[in-house]
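The next block holds one structure in the form of structure tokens; read it before the comments.
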Amino acid sequence: MLMVFVIGNSENGAQRWISIAGVSFQPSELAKFTAIILISKYLTRYGDKEITFKNGTWQCFLITIFISILIIMEKHISATLIVVAICSIIMIIGGVKLRWFVLLGTVGGAGLATLLLLSGKFGYAYTRIIGWLDPFNPPEGIDTYQTVQSIYAIGSGGIFGEGIGNSRQKFLYLPETENDFIFSIFCEEMGLIGALIVIALFIWLVFRGVSVSLNAKDRYGTLVGIGISLQIGIQAALNICVVTNAIPNTGISLPFFSHGGTSIMVLLAEMGVLLSISRSNYRVAQEKHNNMTAQAETDKETEEE
């Protein structure tokens, strides 16, 4: 994350990428996964002891604030929101008392706002909010072209869509059609029905991920699994809200749909971890079943004797 500010590449006013041997890498994507692992670790390293400010709380808040500051300095507000939301939910589930969120959240929020104002990196976020309020009639100097074209694409799809491959907005009208705004093109081609199916699939994926996590053999697996599941759900929700102009425009990919090397590789790695938790649950269940079967056979033989 720190290397981005030294040797990172700038694109559209944001400095988020590092190129190594011609391959572009976005550290903030890996930071999301790292935050989940670290927060879960500090919430379980003290065993069954109560989570206090000394044992777990301050470490988790420090990790969250440090990673968030680095990401927001890259002008990546959406990733910052995801990290803060995931870490906060994991901490609440892990046993961190709500009073620390009120206290440290207020102090951390004030400090972050001060940092943004002093660094001059808040201006672009302000223009996004102003443009979001009325994208079809924005104030002079504020560009809402991308949002307007996205709305056109979604509206053109109607109920059943134009058909696969028949989108018109993807031909030089809507920027980032293969990445941040791929859902708009999907809506245009597959319509409202297709959009609802995709949303339902994301909801089902998150539901299954949380279910698997709650049945994990240890508390660490539960927290990591829930963090991964919620990251996918929150990121998908934010992307869909952006392309439909429900929230201000900010760059965020749609999990498993958007083009992007770092994002998809990290997501696949996270799904591998979630599948590992699921497989571990299956083995535990099998061992329990075998033990019960063996015990039943032993009891039966005892009765016969």
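The values are calculated or read from the model by the stated rules, or taken from the named source; none is laboratory data. Since the model is a prediction, treat every value here as computed from it, not as a measurement. Counting neighbours? That spans all protein chains shown, and the Cβs are built from the backbone with ideal geometry, glycine included. Only protein heavy atoms, including side chains, enter the accessible area calculation; ligands, DNA and RNA are left aside. Shrake-Rupley method; radii C 1.70, N 1.55, O 1.52, S 1.80 Å.
Here Leu267 qualifies as modelled with pLDDT of 90 or more and either within 14 Å of the chain's Cα centre (by Cα) or closer than 27 Å to Lys41 by Cβ (or both). The single condition among (1) within 30 Å of Gly94 (Cα to Cα); (2) modelled with pLDDT of 95 or more; (3) of a type outside the set (D, E, K, R) that Thr222 does not satisfy is (2). If we scan the stretch 268-278, do we find a residue that is under 19 Å from Pro27 (Cα atoms), touching a strand residue (DSSP E or B) at 6+ places or on another chain (Cβ under 8 Å) and of a type outside the set (Lys, Arg)? No, there is no match, as no residue in the stretch 268-278 is under 19 Å from Pro27 (Cα atoms), touching a strand residue (DSSP E or B) at 6+ places or on another chain (Cβ under 8 Å) and of a type outside the set (Lys, Arg).
For the stretch 136-163, give me each residue that is outside any loop (DSSP other than H, G, I, E, B) and free of Cβ contacts under 8 Å to residues at least 60 places away in the same chain. Quick ask: steps written out before the conclusion?
Taking the stretch 136-163 and keeping what is outside any loop (DSSP other than H, G, I, E, B), we get 145-157.
Those that are outside any loop (DSSP other than H, G, I, E, B) and free of Cβ contacts under 8 Å to residues at least 60 places away in the same chain: Tyr145, Val148, Gln149, Tyr152, Ala153, Gly155, Ser156, Gly157.
Scanning the stretch 246-262 for residues that are over 14 Å from the mean Cα position of the chain (by Cα), in a loop (DSSP other than H, G, I, E, B) and surrounded by fewer than 20 Cβ atoms within 10 Å (Cβ to Cβ) yields a count of 4. Condition check: in a helix (DSSP H, G or I), touching a Leu at 6+ places or on another chain (Cβ under 9 Å) and open to solvent by 20 Å² or more (accessible area, probe 1.4 Å). Does Leu268 satisfy that? So Leu268 fails the test. In the stretch 68-106, of all residues being open to solvent by less than 40 Å² (accessible area, probe 1.4 Å) and of a type in the set (Ser, Thr, Tyr), the one that is modelled with the lowest pLDDT corresponds to Ser78. In the set (1) closer than 30 Å to Lys49 by Cα; (2) part of a helix (DSSP H, G or I), Ala237 fails one condition alone, (1). Selection of the stretch 169-201 for residues being in a helix (DSSP H, G or I) and open to solvent by 20 Å² or more (accessible area, probe 1.4 Å) yields Ile182, Phe186, Glu189, Met190, Leu192, Ile193, Leu196, Ile197, Ile199, Ala200, Leu201. The residue that is surrounded by the most Cβ atoms within 10 Å (Cβ to Cβ), among those in the stretch 1-31 that are over 13 Å from Ile71 (Cα atoms) and β-branched (Val, Ile, Thr), is Ile18. Cβ-Cβ contacts under 6 Å between residues 6 or more apart (or on different chains), taken from a first residue in the stretch 261-288 that is in contact (Cβ under 8 Å) with a residue 60 or more places away in the chain and on the phi > 0 side of the Ramachandran plot to a second residue that is small (Gly, Ala, Ser) and open to solvent by less than 30 Å² (accessible area, probe 1.4 Å), are absent. For the stretch 32-59, the set of residues classified as open to solvent by 10 Å² or more (accessible area, probe 1.4 Å) and either small (Gly, Ala, Ser) or farther than 30 Å from Arg99 by Cα (or both) consists of Gly47 only.
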